[in-house]
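Below is one structure, written out as structure tokens; the observations come after it.
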Amino acid sequence: MPRTREPSRASAKTPSARGQTTLPAVAVALVLLTVVTALAVGVADSAIAEADRTPDERRIAAAAADHLVAPDGPLADRRNVLNGSRVDDFDAGMLRRTVPPADEHAVRVSLDGTALANSGDPTGGTTIRRLVLVERPVRERLEADGTTVTLPRRVGNARVAITPPADTAIWTVRDRDSVRLHNESGLRGTFTLALSPYRTTRLQFQTAGELPDGSVTVTYDAPRTRKATLAVTVDA
């Protein structure tokens, strides 16, 4: 009589038993899917919010930076040339008075990484940078070389001290073809001359008698510049 094969244990499981086995795995997968979806939605919402905010920050920061480097702004004498004294005096109060967005947003102005003024506390935000020159005056002194002395461009005023010996007279001081000082009985003392900053100045002294060294000295403030990076950060 032929034997009847008994079903194996694996094949003995009913479809109902297999379904019950897979239920926990499905539940775990659903939980993971829910968590991943929530995270993705959160990241997307954050990215959208950041994208919406960044153009406004960039626009405000760029406008503020352009204003600070403009000739009619609070820091610059000429476009992209900052006055060193104004830079030293720039503070939070001046920032709020001269850069209107600083009243509404957190704004920081820095020069070469050093903060000049803060409005609020920008912890992130958008930064706009501008390459600038920082200009400071340096006092220079020259002595006449014989009967002439030459001053560089960008000198607006000069003080001319005339102290010739008793047997020498200086009658006239010329700037090229222009007579700047004249006295028939001789010039003696200190005189201030307004000069053109757009060209070199060559002063010539008309004398009677020898003019030894040190008889004429000229002092003036010459601008000295250095390159720097101005940064404006806006956290809106």
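Quick one: net charge of residue 83's neighbours, Cβ under 11 Å, K/R +1, D/E -1? Show your work: numbers first, answer last.
Details: positive: 78, 86, 136; negative: 77, 88, 89, 135.
With Lys, Arg at +1 and Asp, Glu at -1, the net is -1.
Roughly what % of DSSP beta bridges within the range 76-159 run antiparallel, to the nearest 5? Mind dumping the intermediate values first?
On the way: 8 of 11 bridges.
The antiparallel fraction comes to roughly 75 percent.
Using a cut-off of 12 Å between beta-carbons, work out the net charge of the residues near residue 74 (Lys and Arg +1, Asp and Glu -1, residue 74 not included).
Numbers: positive: 86, 96, 97; negative: 72, 77, 89, 91.
In short, -1.
Relative to the Cα centre, what is the charge dipole magnitude of the range 173-236, using +1 at the beta carbon of each Lys and Arg, -1 at the beta carbon of each Asp and Glu, and rounding to the nearest 20 debye?
Values: 9 positive and 7 negative charges, 46 e Å.
Approximately 220 debye in magnitude.
So what's the net charge close to residue 169: Lys and Arg +1, Asp and Glu -1, counting the other residues with Cβ under 14 Å from its Cβ?
Values: positive: 188; negative: 167, 184, 210.
Here the count lands on -2.
Can you give me the Cα centroid spacing of the range 170-232 and the range 85-163 in angstrom?
The range 170-232 and the range 85-163 have Cα centres spaced 26 Å from each other.
Within the range 104-133, which residues have the backbone N less than 18 Å from the label spot 7 Å out from residue 54 along Cα→beta-carbon, could you tell me?
Within reach of a label on residue 54: 123-129.
Readers should treat all values here as calculations from the given coordinates under stated rules, not as data from a laboratory. Source: prediction; values computed, not measured. Quick reminder, even Gly has a Cβ in these numbers, built from the backbone with ideal geometry, and neighbours come from all protein chains shown.
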